[in-house]
Amino acid sequence: MPLVATEALQQLPAVILPRLIKMFGSTTPAMLADIREHAHTGNLIELGKAAHKLKGSCVSLGAVQMGDICKTLQHKGESGDASDINTLVAELETLYPATLQALEQAV
């Protein structure tokens with residue numbers, strides 16, 4: 001599965017795409033920190049909310065792998081399922097730099 005679905009990027013207005021990617025780059029680290037903190041403290045409801053917020057950004061930019069992990073974390077948070085959340089958070093954090101780079105190269 002690719003990091004970025006280029007067809008999603010093609011649906012966005014080319015004139016604002018660089019700004020959206022820059023915003024993704026500047027806001028995602030804080031969202032990842034929130035997700036990590038909620039996972040660490042076991043606050044699954046807030047984990048789900050934070051994952052939902054990041055999922056929206058990922059889906060709109062075609063960051064499919066990150067979006068899928070966020071969706072899983074969101075469902076785990078909503079259902080109170082703490083299994084594998086730390087592994088998923090670590091995977092999400094690992095994917096972020098490569099995803100951002102792929103987005104930047106796509107424009």
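Some points to look at:
- Answer residue from segment 90-106, given it is of a type in the set (Asp, Glu) and within 15 Å of Ala51 (Cβ to Cβ) and is surrounded by the most Cβ atoms within 10 Å (Cβ to Cβ) among those: Glu93
- Matching residues in segment 25-39 - criterion: being of a type outside the set (A, V, I, L, M) and either in contact with a Phe, Trp or Tyr (Cβ under 7 Å, 6 or more places away or on another chain) or closer than 14 Å to Leu92 by Cβ (or both): Thr28, Pro29, Asp34, Arg36, Glu37, His38
- Check on Met66, at pLDDT 95 or above, assigned to a helix (DSSP H, G or I) and buried (at least 16 other Cβ atoms within 10 Å of the Cβ): yes
- Scanning segment 42-61 for residues that are under 13 Å from the mean Cα position of the chain (by Cα) and among the small types (Gly, Ala, Ser) yields Gly48, Ala50, Ala51, Gly56, Ser57, Ser60.
- Scanning segment 9-31 for residues that are farther than 18 Å from Thr99 by Cβ and either assigned to a helix (DSSP H, G or I) or not β-branched (Val, Ile, Thr) (or both) returns Pro13, Ala14.
- Under the condition of being exposed (fewer than 14 other Cβ atoms within 10 Å of the Cβ), among the small types (Gly, Ala, Ser) and either touching a residue at least 24 places away in the same chain (Cβ under 8 Å) or part of a helix (DSSP H, G or I) (or both), the residues counted in segment 69-89 number 3.
- Residue within segment 32-46 that is among the small types (Gly, Ala, Ser), at pLDDT 95 or above, surrounded by 12 or more Cβ atoms within 10 Å (Cβ to Cβ) and not in a loop (DSSP other than H, G, I, E, B) present: yes
The values are calculated or read from the model by the stated rules, or taken from the named source; none is laboratory data. Only a predicted model underlies this, so the values are computations on that prediction, with no experimental measurement involved. Ideal geometry is used to build each Cβ from the backbone, glycine not excepted, and the neighbour counts take in all protein chains shown.
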